Structure formats: structure tokens, C-alpha cells
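**Q** Submitted below is the structure of interest, expressed as C-alpha cells.
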Amino acid sequence: NSGVVCLLRPLLLDVVPSIRQTTALALGRLADYDMELAEAVVEAGVLPQLIRSFPEENRYYKKTTAFVLRAVAKHSPQLAQAVVQCEALKVLVICLEDFDPGVKEAASWTLAYIARRNPELSQAVVDAGAVPLLVLCIQEPEIALKRIAASTLSDISKHSPELAQTVVDAGAIAHLAQLIPNPDAKLKRQVLSALCQIAKHSVELAELVVEAEIFPVVLTCLKDSDEYVKKNGATLIREIAKHTPELSQLIVNSGGVGAVIDCIGSCRGTVRLPGIMTLGYVAAHSENLSMAVIVSKGIPPLCVCLIEEHEDHIKAAAAWALGQIGRHTSEHARHVAAANVLPTLLDIFMDMRSSDDLKAKATLKSILQKCTYLPALEPLLHEAPPSIMKHIIGQFSKVLPFDGKARRLFVTTGGLKKVQEIEAEPGSLLQEYINTINSCYPEEIVR
């Protein structure tokens, strides 16, 4: 408010280097504080001035310049665009070739803030020639530089298959994959994130990531003490599993399903989410892959998530994954039903507080359409709403005509009595199911 930005601007041209540098630092700290101040710095015409005197300056000034540009770019896509428009990318790419690792680090950090905003800004970073230099940076000995370079490659790759392909073409995958066993947790987080942002876009890109021999070493990340390493490791596996049955099979063969199940059991909250989704994606592909999840004891931890977790989106993911496991055959559905999860799903479905998405995932339909395991279905007869009751009655009408023991139990547990209480429309599918069930018994028992 006192007009400090305009007072500082001429000092960027001062003859004393330390004054130029301290001025830039002051402007950077102002811009860093909030969006309004960053806009004031841009409007005062500071950025072109910073860049104009850049080539003959020392490494401290270069680091500070990168800091100012980052402080502006971090607030919004518009401010990041303002940084690009004053030809800052050219300067930042020059910094990536500097002999000083601190200058490279500062430049990479600023490029990350620009690239993460949107595909157009990310493309501008690519067009400026940053990607091959960032790939060189992840090969440097300094851990801090490796971290930020991996993070920037992740921010570039995330927007589109084309941008991810640019990163792949620069040879990034092999160098990133080699860093997965690195003991530094923050570096591992960024490396896994970068590989994940590449793999998510297409089958071809996921296969290239797998070909860099990330299995089985990536499974060790699921046991890491750092929660973000765990989460990013599980997310990478999820992004590979979702594409094809072949990629899911590869995960199963390398012991990935067991590792994911252990990971779900050892953590809480959103860290569990990618692991839950992975089991759902693997199971969705085929009967055999679903059975691999069942044999690896994947159902109990998913049931635990339904009970333990408070966030609707995590519960919804667990309900969806159970649906993917149980939807293939009556055998698959029996395994899910035998875990005594159907009453829990029904409670969630009936709960007024459940979100629409959670209710949609917990409808039980994908399991009920295949489930002929009557002991698990019977308790639902007394609670289920009409929309679900139809599926339950349908399964009883399939099994009872051919199973004498089940027919006897159905009477003694009160199931047949419950069926007589259901008011179905004449001629409806539900009425047909009820008629089929009633025809299994003598008339006096039905009465």
C-alpha cells in the first residue's frame, strides 16, 4: 500500500550486485505472500527487468530470480502465464544447464509450478527444451535436485498422453525406475508419482513403465514407513492394473496382489484407497484374476474398510471392489457373501447419510445377480427395500426347486412366511419369482 514495489523496481538495476540481489529477494517474498501481491509485482513490470539483467549475473542472483518467478507462478494459471509471456522459460532452461546444483534446483522448481497448471503451460515448458535437461538433473548426485526434477517431470506428464510421451522419449523411465530403491523417502515419492503420471494414460505407456523392470522392487514401497511412498507405490500399481488383463496378470505373478492386501491392512484413510481400487481393477478383468484376489484373501480387508473407514468415497471404493470380485460366477459371489458383508452393504445402502455414489456402489446388485449362497441371502429378506428384494427373491427361485435341504431351511427360518408378505404387482417379474418359490411347497404349507 505504501508503493514499495515501485520503489524496489529501479534497485534491480543498481550497480552494486548485492543490492540487485537483495531487491529481487524482497520482491520474491512479497509475491510469495499472496496472489494480490504477486499481481502487483507483475503489474509493476518487475519480471522483464529481472530477466533483462539475468545473463551477466552470478549464481545467487539466478537462484533469486527463479524464486521470484516461482513466487508469482504458484498462485494461479494466469500468473504462471504472465511468467511465460515475459520469456522467463528461456532463462529457466539456461539455469538447468548451470554448473551450480542450487541454480538447477531453483529453476526446476519454478518450471514445476508452471507445468502443473494446465496442458498449455506444460507444453510451453516442453517447447522451451526443458525435458532432456530435467532427465539429466535426475542423474545428478544431489538428492534435492533429483527430487525436484522428478517432481517436475511428473507435473509435465500428468496432463496428456502426448506430454507423457515427450518425457518417455527423453529416456526418463529407465532413470526414474533405477531410483525406486533409493533410501530417501521424499525422492521415492516423486519418482513413483512421475512413473504413475506416465503409466496412467495408455496401455502402451504402462507397458513401457513395466518393461523398466519396476516389479518386484516397487512392491517394497508398499511396506515403506513413509505413508506417501506407500500411497504413491499403490497408485502406480493401480494405474498399471487398470489397463489390461495381461498387465493385471503380471502384477499377480509378481506377488503384487498379496503385497497390496498387506498394505491395505497396515494403513488407514486415503492411503488405503489406491490399494482398494487395485484389487477392484484386477478382479474386474476376468474370472481367474478375480479368483486370484479371493485366494490371496483379498475380501476380508475390503470388508474391514467398509466398517472402519468414515469417508464415503473410501467405503464406495471398497463396495465397488467387492462388486467386481463377486460379479463373475456364483462361486465368486459365494465367497463375497460368505464373508458376511451383505448385511453391512445393505446397512450402508439404507443409511440416509450415505452419499449417492456410496449408495450406488453398495446396491449389492452385481453380487446378488450371481449369488446362490442362500444362508447369506436369508437375513436380507427381512430388511431389504423393494429395489433389492427383487434380486434376492430371484436367487431363491433359482435354487429352491433343486435343493430339498434349502427348501426345509427356508420354511423353518421364516423365509417362506416373509415371501407371502411381499406385495408384488400381478404379472411382474417379482410375482413370477414368488410363484416359482410357492410351487416348491404343498399348498397347505404356503397357506
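**Q** For a quick check of your reading: which helices (runs of 4 or more DSSP H) sit entirely within segment 135-204 and have at least 2 residues that are of a type in the set (D, E, K, R), modelled with pLDDT of 95 or more and under 16 Å from Thr235 (Cα atoms)?
**A** Fully inside segment 135-204 and qualifying: 185-199.
**Q** Residue by residue through segment 5-34, note down the ones that are exposed (fewer than 15 other Cβ atoms within 10 Å of the Cβ), over 15 Å from Leu69 (Cβ atoms) and not aromatic (Phe, Trp, Tyr).
**A** Residues satisfying the conditions are Cys6, Leu7, Pro10, Leu13, Asp14, Val15, Val16, Pro17, Ser18, Ile19, Asp34.
**Q** Separate question: What is the residue count in segment 350-364 for residues that are closer than 22 Å to Leu381 by Cα and either part of a loop (DSSP other than H, G, I, E, B) or charged (D, E, K, R) (or both)?
**A** Residues that pass the stated criteria total 8.
**Q** Could you list all residues from segment 366-388 that are farther than 19 Å from Ala319 by Cβ and among the aliphatic types (A, V, I, L, M)?
**A** Passing the criteria: Leu374, Leu381.
One line per residue, one yes/no per condition, for (1) open to solvent by 10 Å² or more (accessible area, probe 1.4 Å); (2) farther than 17 Å from Asp155 by Cα:
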{"position": "Ile180", "(1), (2)": "no, yes"}
{"position": "Ala185", "(1), (2)": "yes, yes"}
{"position": "Lys188", "(1), (2)": "yes, no"}
{"position": "Gln197", "(1), (2)": "yes, no"}
{"position": "His201", "(1), (2)": "yes, no"}
{"position": "Glu204", "(1), (2)": "yes, yes"}
{"position": "Ile214", "(1), (2)": "no, yes"}
{"position": "Val217", "(1), (2)": "yes, yes"}
{"position": "Lys223", "(1), (2)": "yes, yes"}
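**Q** Here is a further query. Quick check: anything in segment 151-173 of a type in the set (Val, Ile, Thr) and over 26 Å from Glu204 (Cα atoms)?
**A** no
**Q** Further question on the same structure: I'd like to verify a number: residues in segment 57-67 that are farther than 18 Å from Ala128 by Cβ and open to solvent by less than 10 Å² (accessible area, probe 1.4 Å), how many?
**A** Here the count works out to 1.
**Q** Which helices (runs of 4 or more DSSP H) does segment 365-418 wholly contain that include 1 or more residues that are charged (D, E, K, R) and within 34 Å of the chain's Cα centre (by Cα)?
**A** 365-368
**Q** Additional query: Going through Arg268, Arg272 one at a time, which residue ends up being under 23 Å from Thr220 (Cβ atoms), of a type outside the set (Ser, Thr, Tyr) and crowded, with 23+ Cβ neighbours inside 10 Å?
**A** Arg272
The values are calculated or read from the model by the stated rules, or taken from the named source; none is laboratory data. Predicted model, so just to flag it, every value in this text is computed and none were measured. Neighbour counts are summed over all protein chains in view; Cβ atoms, including those assigned to glycine, are modelled from backbone coordinates with ideal geometry. Accessible surface areas use protein heavy atoms only, side chains included; no ligands, DNA or RNA. Shrake-Rupley method; radii C 1.70, N 1.55, O 1.52, S 1.80 Å.
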